[in-house]
Structures are given as C-alpha cells and as structure tokens.
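A quick write-up on the structure given underneath.
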C-alpha cells in the first residue's frame, strides 16, 4: 500500500511539476518576466525531485529488489524538491533565508558532516515545511488583495503539501503508524489543488518568440 | 494605498493604451502616453525606445512629432502578458 501510494505521489508530483514548469517557461520566453523565471526553476526542481524518488523506487522494484529504496536517493530527491520550494518562497520576497555571517555559515554547514543521510532527509523535510507554509500564507494574503479565486486553490495546495511534509516528518517518530500513508495522500491532494487553476489558463496562440529575450 | 507597479506592468499599460485607447489612427503621442501610463518623460522615453527596438511598437513620424502604434508582435506580447499575469496571480505573484 505504502509502495503504491509513494509511486502515485512521485509520478503525480513529477507530472504536475513538469506541466507548471513548462507553462512558466513559456511565460518567461514570451514576456521575459523574472517572476516566471523563478517559477520555472521552482517547478522544474520540484518535478526533478519527485522524478528522482520515483526512479529510485522503480530501480529498487525492478533491478535491485532489496525491499528498501536507497536512502541517499530519497534524500537527494527531497533536497532537489526543497530547492523548488525555496524558489516559490523566494518569489514571495524572502530577503535572507540563510545566515549571512561567515561564522554562522561555518556552524551551519559543519553538522552536515556529522549526521547521517536519514537525519539530513528530516532536516530538509522541516525546511520544506517552513517554505511551503510561508508560500501558502503569502498566497492567501494575495487573495485578500486581488480576490483571484485561483489563488485559494494554490494556497490550499501549498498548505496541503506543507501538512504532508509535516506528517511525513512526524511519522519518523511513529514509524509503523498510518501517518506516512496519510502524509502521501495529503501531498497528492495538494499537488492536484496546485494544478487546478493552472490547468484553466488558456495557452492558445501563445508561442515561443526568440526575439523577445 | 499607493500601488507599486512593476516594470512589466508599466510596459503592459503602455501597450494596452496603444492598442485600445488611441487618440487617432496615426497612434499616440508621448504626452498622451505619459498621461495614460502615469510615468515620467525620461522613463517613458527609455521604455519607448526599447519597445520600438524590440518591434513591439511602431514609431510613426507625423508633422514633426513622433507617434506610437502597437505592432503585430506587440499584440502577441500583450496577449501573452495578460495570460501570464493571470497565471502568476494564481500563485499570488506579479509578473
């Protein structure tokens, strides 16, 4: 059951990320907007992140057959997804996410050499949660300004992804519980909610124009 | 509250004026665009120069003064601008 849900989640994440990423890229190529460039990076990263984990599961199931996905593959996928969530949050004007002083950078990086990939995965899950929650709050605030109904769906999508990350992280405490399955179902719901308003954007007659760069 | 307009939004305003709100068939004068787009002369001059060089606006010399009219590329750009403004709005962002 968990294996099936994990595959559905990663495949849906890969496809939704790819679709929104391509749309953002078309928008960037046609308008040259930096916001659309950041969204392109964000959603291609999210797509690649989900693809890496999905490919890991496929490799495990059909080639390696060890019964467990390689931890480093899952960690890599989550890190790439986190980069995507960072760019969504960054588009909402996060000015300085990482500490700037040289001392703090050193202190911040040093522990990464001391902890295992399992812990790294959970660090990035918690970072993803913060970025997604920030993105959801900013998006819902923008709804109150311009009353664009699509923003509600995107905010709900980001919030469900954040909740999914939180439950996924929390399942680390209760590894055998149903929490991880609920986390994956929540994330699938979040990705679908994210895609609904984007799917309504008409792309007829929009084309790549090399002269507008 | 004063609304902050991005560079892209100002370009959108100028192009939509030259498409939908022209004084006459020859095009819009700089003064007219300044009033409609609510922007300073020095800034609009730079933007108009860029838009003409990119082929989004056509510059017409009539009786010693320049007038501006939207080109076919400009119309396509404006359509893309409106489409992706809605797209970005869904994410609570401005292009």
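Read-outs throughout are calculated quantities, based only on the coordinates presented, and are distinct from any laboratory measurement. All values reported here derive from a predicted model rather than from experimental measurement. No Cβ is skipped: glycine too gets one built from the backbone with ideal geometry, and neighbour counts run over all protein chains shown.
Some points to look at:
- Using alpha-carbon coordinates, inclination of helix B:72-90 to the longest axis of chain B, degrees: 20 degrees
- Nearest-ten-degree value, helix B:41-53 long axis tilted from longest Cα axis of chain B: 90 degrees
- Among B:50, B:18, B:62, residue whose mean-square fluctuation peaks in a GNM of chain B (springs only between Cα atoms under 10 Å): B:62
- Considering all C-alpha pairs of the protein assembly as shown, those separated by over 28 Å amount to 49%.
- Shielding of peptide A:28-34 by partners, expressed as the average count of other chain Cβ atoms within 10 Å per residue Cβ, is 6.
- Over the C-alpha atoms of the range A:125-178, the Rg to Rh ratio, Rh being the Kirkwood estimate, stands at 1.13.
- Average beta-carbon neighbours from other chains, 10 Å sphere, peptide B:54-63: 1
- Folded to 0 to 90 degrees: helix B:7-20 orientation relative to chain B principal axis, Cα: 50 degrees
- Estimated from helical segments only, the mean residue ellipticity of the protein assembly as shown at 222 nm is -23500 deg cm²/dmol, where each DSSP H run of four or more residues counts as -39500 (n - 2.57).
- Chain B: C-alpha pair distances exceeding 16 Å, %: 54 percent
- Extension gain, residue A:181 back to residue A:201 (0.36 nm per residue minus Cα-Cα distance, nm): 4.0 nm
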